[in-house]
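All of the numbers you see were taken from the coordinates with simple rules; none came from a lab. Being a predicted model, the structure only gives us computed values, none of them experimental. In this analysis, Cβ positions are derived from the backbone assuming ideal geometry, glycine residues included, and neighbour counts consider all displayed protein chains.
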Amino acid sequence: MDLTYSKIQNLRDYFFNIRQRALNYPSLHKLFLKKNGYALDLKNPITHNQKINYKKLFDRDPLIPITSDKYLVRDYIRKVLGDEVADEILIPIFGFSSTGQDLPFEDWDFEFFMKANHFSGGNMLVSPGVDPQFLRTICKKWLTTSYGQALHEWGYRDIHRRIICEKVLRDETGEIPNDYKFYCFQGKVEMILILKDRFTNQQKVFIDAERNPILGAQMSNIETLNPVPEIPNYERMVALAEKLAQPFAHVRIDLYSFGKEICFGEITHYSGSGLNKFDDYQVDLELGMKWGKIKA
């Protein structure tokens, strides 16, 4: 990776944010209104999506970059849950690199997930036989691309960029297991998003802590997963998510569960960047209340 380019890019991101702040974030206000259908209020945020944007702009908790980093978050898991639990739930890593050019792709005759640690969407399921040079080109592209800065997602800006290669999780049928995203407020799970067939024919459903469907959540025209499936190890996943969420007014903890196993996915502070519209404004408002009072 061209480290000089990345440093210049980080400076550009930094000064972009300063300029937008001086102008009271006009681009973000315009985009928020377009996406959500109502105005962004930063002086008195009341909805979930308003408070996510407030958090992006004003919350500078040093734990946010650490827990947003898909590599350093592993240390946070160990610190909070202990080594025994961490060894159980952390997905094994085959290799990591600050450049992606020194990973031994030629020697790996197994599937793996390749990820960039500094942004969402930077991941690829790699099958045996994929051209190593193609993979190195992808690594360079990912590592020279900043993430979320046009939307002021501060937590990702200064992450030391790495490529991570992880074991692929598969359930007893050989499929990628369901993804469980626990939306925590004041350290309590209040909503869970279940994603099925994420990389093929995606289906999803939002449920509350009692596993009742939440109508009016962020469906984005994706097929509803119906009925709500059985959730293996549900109580333990809730306990783990709530323990990891304790320092934050709101955070999303992503886990996988199949058979008797639970695996950690990631921690997300800016779900949908606060721009993913709720089908029902009332759900957006009710979740916003669960953050507690934010002082502007």
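The table for this structure:
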{"item": "DSSP-loop chymotrypsin sites (Phe, Trp or Tyr not before Pro) across the stretch 40-139, with at most 11 other Cβ within 10 angstrom", "result": "PHE110"}
{"item": "Sites matching trypsin sites (Lys or Arg not before Pro) across the stretch 1-103 that sit in DSSP coil, with at most 16 neighbouring C-beta atoms within 10 Å", "result": "LYS43, ARG60"}
{"item": "Cut-off 14 Å between beta-carbons: net charge of the residues surrounding VAL130, Lys and Arg +1, Asp and Glu -1", "result": "-4"}
{"item": "10 Å binning of all Cα-Cα separations within the chain, expressed as whole percents from 0 upward", "result": "6, 26, 35, 26, 8, 0"}
{"item": "Gaussian network model of the chain, Cα within-10 Å springs - most flexible of ILE207, ILE222, ILE138", "result": "ILE222"}
{"item": "Helical contribution to [θ] at 222 nm, DSSP H n ≥ 4, -39,500 (n - 2.57), averaged over the chain, rounded to 500", "result": "-10000 deg cm²/dmol"}
{"item": "Under-5 Å amide H pairs with ARG162, H placed in peptide plane, nonlocal only", "result": "ASN117, HIS118"}
{"item": "Value of relative contact order over the chain, rounded to a whole percent, pairs C-alpha under 8 Å and six or more apart", "result": "24 percent"}
{"item": "DSSP-loop trypsin sites (Lys or Arg not before Pro) across the stretch 184-217, with at most 16 other Cβ within 10 angstrom", "result": "ARG198, ARG211"}
{"item": "Antiparallel DSSP beta bridges within the chain, percent to nearest 5", "result": "95 percent"}
{"item": "Full-stretch length increase - MET289, LYS243 - with 0.36 nm per residue and alpha-carbon distance subtracted", "result": "14.5 nm"}
{"item": "The chain: DSSP helices with Cα axial extent of at least 24 Å and average Kyte-Doolittle hydropathy no lower than -1.0", "result": "3-22"}
{"item": "Cα-based Rg of the stretch 16-123 normalised by 2.2 N^0.38 Å, two decimals", "result": "1.48"}
{"item": "Sequence-distant residues sharing a close amide H with HIS250 (under 5 Å, placed H)", "result": "GLN186"}
{"item": "Local net charge near LYS260, Cβ-Cβ under 12 Å (Lys/Arg +1, Asp/Glu -1)", "result": "-3"}
{"item": "Given the chain, longest segment not containing exposed loop GluC sites (Glu not before Pro) (DSSP; at most 16 other Cβ within 10 Å)", "result": "1-110"}
